[in-house]
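What follows draws every value from the coordinates through simple rules; no lab data is involved. As the structure is a computational prediction, the values presented were derived from the model and not from experiment. Cβ atoms come from the backbone with ideal geometry, glycine included; neighbour counts cover every protein chain shown.
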Amino acid sequence: MDSVDSKDAEKAVLTKLGGIRDRIDAIDNQILGLLSERAHCAEEVGETKREAGEKNIKFYRPEREAQILRRVTELNPGPLAGERVTAIFREIISSCLALEQQIKVAYLGPAGTFTEAAAQKHFGQAVGTLPFMLISEVFREVEAGTADYGVVPIENSTGGVISHTLDRFVSSPLKICGEIHLAIHQNLMNKTKDMSGVTRIYSHEQSLMQCRDWLDRNYPGVARIAVASNAEAARLASEDPKSAAIAGENAASLYDLKIISPHIEDSPNNVTRFLVIGKEDVPASGNDRTSILISTHNGSGALYHLLEPLKRHGLDMTRIESRPAPDTHWDYFFFMDLNGHISEDAMQAALAELDDEAEYIRVLGSYAKAIL
Ligand SMILES: C=C(O[C@@H]1C=C(C(=O)O)C=C[C@H]1O)C(=O)O
């Protein structure tokens, strides 16, 4: 091709790109107009809720949000992935809700933890988030009303259940208002991107557990030190060139660390489940889970008698955990997750029977199942 031809070809590409970009600008104008219209609707919803004058107005409606997100994901014609469409709509809803009320969400901090990422995934960027250093502090802030909701980890697909969270439910009056599933990617990071002089790798014990095989293969001689959080590990690594941290991407950018090896978790399906805790009962969304706390006297067939009514009423139990009771009166508490919502007939019938059978029973919450 001579230079005249190549100039013509370049011009044609620029003309073509210019045309497409004009279309994108016109579409953005439409999106902006529609966003503004949606935001006005949300303001109207807020005013209507205020006019209704209920004592505890519920501005945040997790079941409605779950329905919207499920609907748009189902309708999504592509090419954007469902997860991307959900994330975009999550932010739109978050910004609309902020026009009605500025809600405050406490989470297990510090900033940079996976719990922060989970809180952002569920509530979007327009809510106020407050980090606390202990799971019990997150519960306390919500119980005291300093925060409207809290986000705490409950279980990891590799590391198992987070017993601090389960145990706190025994004494707390709070309800479960939602759940969040977050794909956890662990990364090895440090200040220099050079591992040659590194003698210590810091991380939370759960994260060290999730990367155990990888560490055995790649850094068998380097000491692994468990610290309070991944973010704390990143902070320590940022202050000491002889150390590295295993943490999420948020922590790397927060502490200005370089990622040496990304995605080092042993299981490619490493997911952590988080719970949203609050003071309200959540109406049915159409695809819900119910968590209950139940205890029974020890005795032959005690657990069988708890499970039998569930089977008879056709309820699926998706999880059961036992924890020792904090006093000696009852031996064990069981935490059960059931498919379905407390307002459904089968669930009510089964729980009424369990109430007769059990020493103690409390519904911790019925809430929408996690979305993508
Ligand atoms: C607009 C509402 O209030 C909030 C905002 C929502 C939204 O922007 O779609 C959805 C549910 C609520 O959390 C509503 O209740 O419908």
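In segment 1-49, what residues are small (Gly, Ala, Ser) and in contact with a helix residue (DSSP H, G or I) (Cβ under 8 Å, 6 or more places away or on another chain)? Steps first, please.
Taking segment 1-49 first, the residues small (Gly, Ala, Ser) are 3, 6, 9, 12, 18-19, 26, 33, 36, 39, 42, 46.
Ala39, Ala42, Gly46 - these are the residues of segment 1-49 that are small (Gly, Ala, Ser) and in contact with a helix residue (DSSP H, G or I) (Cβ under 8 Å, 6 or more places away or on another chain).
Conditions tested, residue by residue: (1) without any contact (Cβ under 8 Å) to a residue 40 or more places away in the chain; (2) touching a His at 6+ places or on another chain (Cβ under 6 Å); (3) surrounded by fewer than 18 Cβ atoms within 10 Å (Cβ to Cβ).
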{"residue": "Gly112", "(1), (2), (3)": "no, no, no"}
{"residue": "Thr115", "(1), (2), (3)": "no, no, no"}
{"residue": "Ala118", "(1), (2), (3)": "no, no, no"}
{"residue": "Thr129", "(1), (2), (3)": "yes, no, no"}
{"residue": "Leu134", "(1), (2), (3)": "yes, no, yes"}
{"residue": "Ala144", "(1), (2), (3)": "yes, no, yes"}
{"residue": "Asp148", "(1), (2), (3)": "no, no, no"}
{"residue": "Val151", "(1), (2), (3)": "no, no, no"}
{"residue": "Glu155", "(1), (2), (3)": "no, no, no"}
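Can you tell me which residues in segment 235-249 are in contact with a helix residue (DSSP H, G or I) (Cβ under 6 Å, 6 or more places away or on another chain) and within 21 Å of Ala118 (Cα to Cα)? Working first, answer last.
From segment 235-249, those in contact with a helix residue (DSSP H, G or I) (Cβ under 6 Å, 6 or more places away or on another chain) are 243-248; that's our starting set.
If the condition is that a residue be in contact with a helix residue (DSSP H, G or I) (Cβ under 6 Å, 6 or more places away or on another chain) and within 21 Å of Ala118 (Cα to Cα), then Ala245, Ile246, Ala247, Gly248 are the ones that fit.
Which residues, counting only those in segment 79-102, are closer than 21 Å to Gly248 by Cβ, assigned to a helix (DSSP H, G or I) and more than 9 Å from the ligand (Cβ to nearest atom)? It would help to see each step written out before you state the result.
Here is the first cut: in segment 79-102, the ones closer than 21 Å to Gly248 by Cβ are 81, 83-84, 86-87, 90-91, 94.
Subsequent filtering for residues that are assigned to a helix (DSSP H, G or I) retains 83-84, 86-87, 90-91, 94.
Of everything in segment 79-102, those that are closer than 21 Å to Gly248 by Cβ, assigned to a helix (DSSP H, G or I) and more than 9 Å from the ligand (Cβ to nearest atom) turn out to be Glu83, Arg84, Thr86, Ala87, Arg90, Glu91.
Looking at (1) in contact with a Leu (Cβ under 8 Å, 6 or more places away or on another chain); (2) acidic (Asp, Glu); (3) touching a residue at least 60 places away in the same chain (Cβ under 8 Å), which is the only condition Glu344 fails?
The one condition Glu344 does not meet is (1).
Could you check, for segment 26-35, whether at least one of its residues is in a loop (DSSP other than H, G, I, E, B), more than 13 Å from the ligand (Cβ to nearest atom) and either farther than 22 Å from Gly286 by Cα or among the aliphatic types (A, V, I, L, M) (or both)?
First, the residues of segment 26-35 that are in a loop (DSSP other than H, G, I, E, B): none.
Among the residues of segment 26-35, not one is in a loop (DSSP other than H, G, I, E, B), more than 13 Å from the ligand (Cβ to nearest atom) and either farther than 22 Å from Gly286 by Cα or among the aliphatic types (A, V, I, L, M) (or both), which makes the answer no.
Check Ala119, Ala66 and return the single one that is within 16 Å of the ligand (Cβ to nearest atom), under 14 Å from the mean Cα position of the chain (by Cα), farther than 30 Å from Ala233 by Cα and among the aliphatic types (A, V, I, L, M).
Numbers: Ala119 fails: farther than 30 Å from Ala233 by Cα.
Criteria check complete, one pass: Ala66.
Tell me which of these Asn76 doesn't satisfy, since it passes every other one: (1) surrounded by fewer than 22 Cβ atoms within 10 Å (Cβ to Cβ); (2) over 18 Å from the mean Cα position of the chain (by Cα); (3) within 16 Å of the ligand (Cβ to nearest atom).
(3)
Inside segment 331-344, can you point out the residues that are within 29 Å of the chain's Cα centre (by Cα) and of a type outside the set (A, V, I, L, M)? Before the answer, list the steps.
Filtering segment 331-344 for residues within 29 Å of the chain's Cα centre (by Cα) gives 332-344.
Selection gives Tyr332, Phe333, Phe334, Phe335, Asp337, Asn339, Gly340, His341, Ser343, Glu344.
Checking the condition within 15 Å of the ligand (Cβ to nearest atom) and among the β-branched types (Val, Ile, Thr), which residue from Val170, Val142, Val161, Val127 passes?
On the way: Val170 fails: within 15 Å of the ligand (Cβ to nearest atom); Val142 fails: within 15 Å of the ligand (Cβ to nearest atom); Val161 fails: within 15 Å of the ligand (Cβ to nearest atom).
When all the criteria are applied, what remains is Val127.
Mind listing whichever residues of segment 103-116 are part of a loop (DSSP other than H, G, I, E, B), more than 16 Å from the ligand (Cβ to nearest atom) and of a type outside the set (Gly, Ala, Ser)? Before you say what the answer is, go through the steps one by one.
Restricting attention to segment 103-116, the residues satisfying the condition of being part of a loop (DSSP other than H, G, I, E, B) are 103, 109-113.
When the remaining residues are screened for being more than 16 Å from the ligand (Cβ to nearest atom), the result is 109-113.
The answer is Pro110, Thr113.
With Val151, Val105 as the choices, which residue is over 17 Å from Gly248 (Cβ atoms) and not acidic (Asp, Glu)? Before the answer, list the steps.
Numbers: Val151 fails: over 17 Å from Gly248 (Cβ atoms).
Testing whether each residue is over 17 Å from Gly248 (Cβ atoms) and not acidic (Asp, Glu) leaves just Val105.
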